[in-house]
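What follows is one structure encoded as structure tokens, with my remarks underneath.
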Amino acid sequence: MSKHTYPDPDISVETEAYWQAANDGKLLVKKCDACGKTHFYPRSICPCCFSNETSWMEASGKGHVYSYSVMRRAKQPYAIAYVRLEEDVTMLTNLVEADLDELRVEMPVEVTFRKSESGQALPVFRPLKD
Ligand SMILES: [Zn+2]
């Protein structure tokens, strides 16, 4: 079916654990121990209060589409979206396994993973089936 190729992510010291967890099928977010807020992309300094006391937590992997756009000019049309997780962070990601004409804002989605060109697992989202 879809032969969309995903470029390799930039992996830094701050995001290494995040990408490692993705290879294990887990989605991590960072939570600040000082102010209690979650953030994304993972950083070692909390963007809300600048504390360096941040910890990893495993996300539920569930959220909803905050906004999206469909790339119809690509050889294989695909959708990118901002997904708002239950953990209160927003991720820029790809939507997969979805009928591109049936996407809508607020649609419930769940995480799944796709491999990048060099085999790194990337968190992407698909419609949540109920
Ligand atoms: Zn904080």
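FYI, it's all coordinate maths here, none of it is from the lab. This one's a predicted model, so the numbers in the text were calculated from it and none came from an experiment. When we count neighbours, we look across all protein chains shown, and the Cβ atoms used for this are built from the backbone with ideal geometry, even at glycine.
The distance between label points at Gln20 and Asp8 comes to 1.9 nm (points 7 Å beyond Cα on the Cα→Cβ vector).
Remark: Ser60, Ser118 ranked as Ser118, Ser60, counting other beta-carbon atoms within 10 Å and listing the fewest first. Which of the aspartates and glutamates could a cross-linker span from Lys62 if the Cα-Cα distance has to be under 18 Å and same-chain partners fewer than 8 positions apart are dropped? Straight-distance partners of Lys62: Asp24, Glu86, Glu87, Asp88, Glu97, Glu106, Glu110, Asp130. Each principal axis of the Cα cloud of segment 26-130 was taken in turn, and the coordinate range along them, longest first, works out to 45, 32, 25 Å. Among the listed pairs Lys75/Lys129; Lys31/Lys75; Lys30/Lys75, those with a Cα-Cα distance over 31 Å are Lys31/Lys75; Lys30/Lys75.
Mean-square fluctuations from a GNM of the chain, with a 10 angstrom spring cutoff on Cα atoms, peak among Lys31, Lys62, Lys75 at Lys75.
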